Amino acid sequence: MPVTSAQRFWHNAAREGERQEQQAEERNASNRQRRSQDERGFNRALGRLEDSYDQAIRNANNTRDRRRLKAERDERIDKAIRDRERADNPTDQNKTIDDDSTDQTGSNPENGDGGSSDGGGGLPDGFEEERIDIVDALNNPSYRWFLTKFD
Amino acid sequence: MPILRAGPWGNLNSPHEDEPAVKDDQTNIYPVNCARGDWPNQPWRLLYSKNTDIGINTGTAALGSPIVAEGVIYAYVILDFNWQATEAFDVTFQWDMTSTQPGSGVYPTLEWQYDTIEGTGDYYFDTPLESGTIDITLPASTFGTFSAYAYGIDTYGSGLLVEASII
C-alpha cells in the first residue's frame, strides 16, 4: 500500500518532535552543569574572601580594627551573595515550576503557604523588597532584605 | 540570631522614636546604639547633661568623648544611652573630679544602672576616689537602657570640674 502524503507528514512531524525534545534535554543538562560549576566557583571565591579577612582580623592590633574588619567582611559577603542572587535570578530561574515540577517559590497557592502568583516569577503581589537594619550575630551593625507588605 | 534595629531613639516603653530636634533629658528618649558600633547612618552616641550651680547644658557625644561640667559648689554629668546587642559587651565608665582652688577638695559620688526589655538589670552606687574607671558588662538584649552619673561637691565651694565619659 503506498504511503500517503498525510502519513509521511505525521511521521516526519513525530521525528522532528523527538529531535527537539532531545535537544532541549541536552540544553537543560548543559545549563545545570554550568550552574553547578558557577556555584562552586562562587563559593570558592567567597571562601577566599572570608579567609583573607579572617587573616587580617587575626593580624589586627586592636579591637576597634578587628570590629571594623568583621563588619566589612560581613557586609562584603552579604553584598556578594545578594548580587549573585539578583544576577542569577531576575525571574527566579532556579526555582520555577518548570525546573523540577515543584513550585519552591511559594507563589503557587497550592504548593506554597500563601502568597499569590503574579505569573512573572518576581515578587509576590503587593510585596516590596525593603532593606532593614539589624544587629548581626557578632554584634555588628548590618542589614538584610525583607519582603514587606503594607496592609 | 540577628535582631531587628530599634530606634533611632527611644526608651524601654517606646523603642522606636525619631531623633528629637531638641536633645535633652526632658524628652526621656535616648540614642539607640548597636553594641559599641556605629549604625550606617548614625554614629554611636549618648545623651549627656551637664548640671551645675551655674547652669545646665545637654547634647550628644561619641564613645570615648569626655564631658566636662564646671561648677562652683557642685557639678555633675549624666550619661544616657540605649543599646541592642546579640552578645554581651563591655563599656568603661570613666570619671575625674578636681577642685579648681588649691587646698580645696572634692567629695565624689557616682552611680550607674542598666535595665533591659527582657527584664534584667544591674545597679551600682559608690563614693569613690576623685578619679577612676569601672568596667561594666552590658548583656545581650533586643533593647537595653543605660544611665550613669558622676557627681562632685567642692569642699570649700570654690570651684570644681567634673569629667565623665563612656569608653
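Just so you know, all these numbers are worked out from the coordinates, no wet-lab data involved. This structure is a prediction, so every number in the text was calculated from the model and none was measured. A quick note on method: Cβ atoms are made from the backbone with ideal geometry, for glycine too, and the neighbour counts reach across all protein chains shown.
Here are the numbers for this structure:
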read-out: A:Asp78-B:Phe89 pseudo-label distance in nm [points 7 Å out on the Cα-to-Cβ vector]; value: 1.4 nm
read-out: Sorted peptide list for A:25-36, A:70-81, criterion being average Cβ within 10 angstrom, highest first; value: A:70-81, A:25-36
read-out: R0 of 45 Å, Cβ-Cβ distance A:Thr63-A:Phe150: FRET efficiency to nearest 0.05; value: 0.65
read-out: Within straight-line cross-link reach of B:Lys50, aspartates and glutamates at Cα separation under 17 Å, skipping those fewer than 8 residues along the same chain; value: B:Asp24, B:Asp25, B:Glu70, B:Asp80, B:Asp96, B:Glu111, B:Asp154, B:Glu163
read-out: Two-decimal Rg/Rh across the protein assembly as shown, once Rg and the Kirkwood Rh are taken from alpha-carbon atoms; value: 1.26
read-out: The stretch B:61-167: GluC sites (Glu not before Pro) falling in loop per DSSP and having at most 15 other Cβ within 10 Å; value: B:Glu87, B:Glu118
read-out: Dimensions (Å) - the stretch A:1-90, Cα atoms, principal axes, largest first; value: 93, 20, 7
read-out: Length-normalised contact order of the stretch B:9-166 in % [C-alpha pairs under 8 Å, at least 6 apart]; value: 28 percent
read-out: Contour excess over end-to-end distance, with Cα ends at B:Ile167 and B:Ile54 and 0.36 nm allotted per residue; value: 38.0 nm
read-out: Euclidean distance of C-alpha centroids, the stretch B:17-68 and the stretch B:107-167, integer Å; value: 15 Å
